[in-house]
Amino acid sequence: MLNSSRPSCVCTVLLCLLGALAGSTAKGQTPTTLEKYLSRVDLGVSGVGIFTRDVSGNNYLGQPVTQNMSNTLGALVTIRYTKSPYIGAEINYGYARYTQNFSQYIVGGAQTNASEYTFGYVIHPPHLLLGAQPFVAGGIGALVFRPTPGGGQGLQNQAVAAYYGAAGLEKSVFSEHFGIRAQVRDVFFMAPDFYQNFLTIQKHTSTFEPGIGFYLKF
């Protein structure tokens with residue numbers, strides 16, 4: 001009886017050790033709180049077209065002023081945190097350089113660097129569209145216009161409030177950590193006057209920004 005029970009005891013001990021090892025391994029694979037939060041974060045970089053609507057009005061002297069921004073290319077960097085399909089947030093930084101024209105008032109226009117600083121709400125509907133994940137975003141922030149030292153015609157830097165809307169598609173390629181993102185954005189803001197009253201027309205304009213790029217998911 002003693003000899004026959006020994007193999008049974010050995011098997012029981014081995015099963016217990018295997019169970020403990022499996023439990024330890026599973027515990028080691030459980031993501032930490034930090035890893036869980038990082039898995040919801042992605043960094044996107046896109047090239048965007050910059051197409052701004054012309055606006056016209058009268059300055060304080062009643063003289064007509066037409067403001068035109070040259071079409072150009074820019075860059076957009078976005079950090080997103082997505083908790084669930086309908087709960088997400090993003091921070092955006094955009095950059096572009098173009099010529100700001102004010103009809104006959106500034107000959108040759110003013111070379112200007114423009115930076116976007118915005119944050120907003122983003123949703124990712126659970127249903128795929130054309131085999132890709134759709135998203136919709138919107139938010140507020142500021143645009144900062146900085147005339148260049150050489151070609152800025154001596155105009156002052158100016159920040160204006162801005163709000164935006166965006167929609168697009170994204171799709172993972174190669175792995176779940178890398179993907180392609182395409183989108184269209186509209187950024188609305190007050191046409192800048194660079195604190196020159198003869199350029200002030202108090203008109204809103206908007207910039208249409210189609211873009212494509214990539215994102216990295218942590």
Worksheet item: Among Q156, Q202, Q183, which is touching a Ser or Thr at 6+ places or on another chain (Cβ under 9 Å) and either farther than 26 Å from Y105 by Cα or outside any strand (DSSP E or B) (or both)?
Response: Q183
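For every residue, the table says whether it meets (1) over 21 Å from the mean Cα position of the chain (by Cα); (2) not aliphatic (A, V, I, L, M).
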| residue | (1), (2) |
| --- | --- |
| P126 | no, yes |
| G138 | no, yes |
| A167 | no, no |
| R185 | no, yes |
| D193 | yes, yes |
| F214 | no, yes |
Discussion item. Just to check your reading of the model, which residue among L43, L61, L76 is assigned by TED's automatic domain parsing to the domain that holds K203, more than 16 Å from A191 (Cβ to Cβ) and not in a strand (DSSP E or B)?
Written reply: L61
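Only one residue in T78, T82 is of a type in the set (S, T, N, Q), buried (at least 18 other Cβ atoms within 10 Å of the Cβ), closer than 16 Å to R181 by Cβ and touching a Lys or Arg at 6+ places or on another chain (Cβ under 6 Å). Which one? Walk me through how you get there before you give the answer.
Numbers: T78 fails: touching a Lys or Arg at 6+ places or on another chain (Cβ under 6 Å).
Just a single option satisfies the conditions, and that option is T82.
Evaluate the following for Y105: is it surrounded by fewer than 19 Cβ atoms within 10 Å (Cβ to Cβ), assigned to a strand (DSSP E or B), in the same structural domain as Q183 (by TED's automatic domain parsing) and not acidic (D, E)?
On the way: surrounded by fewer than 19 Cβ atoms within 10 Å (Cβ to Cβ): yes; assigned to a strand (DSSP E or B): no; in the same structural domain as Q183 (by TED's automatic domain parsing): yes; not acidic (D, E): yes.
Criteria not met by Y105.
The values are calculated or read from the model by the stated rules, or taken from the named source; none is laboratory data. Computed from a predicted structure; not experimentally measured. All Cβ positions, glycine included, derive from the backbone under ideal geometry; neighbour counts span all protein chains shown.
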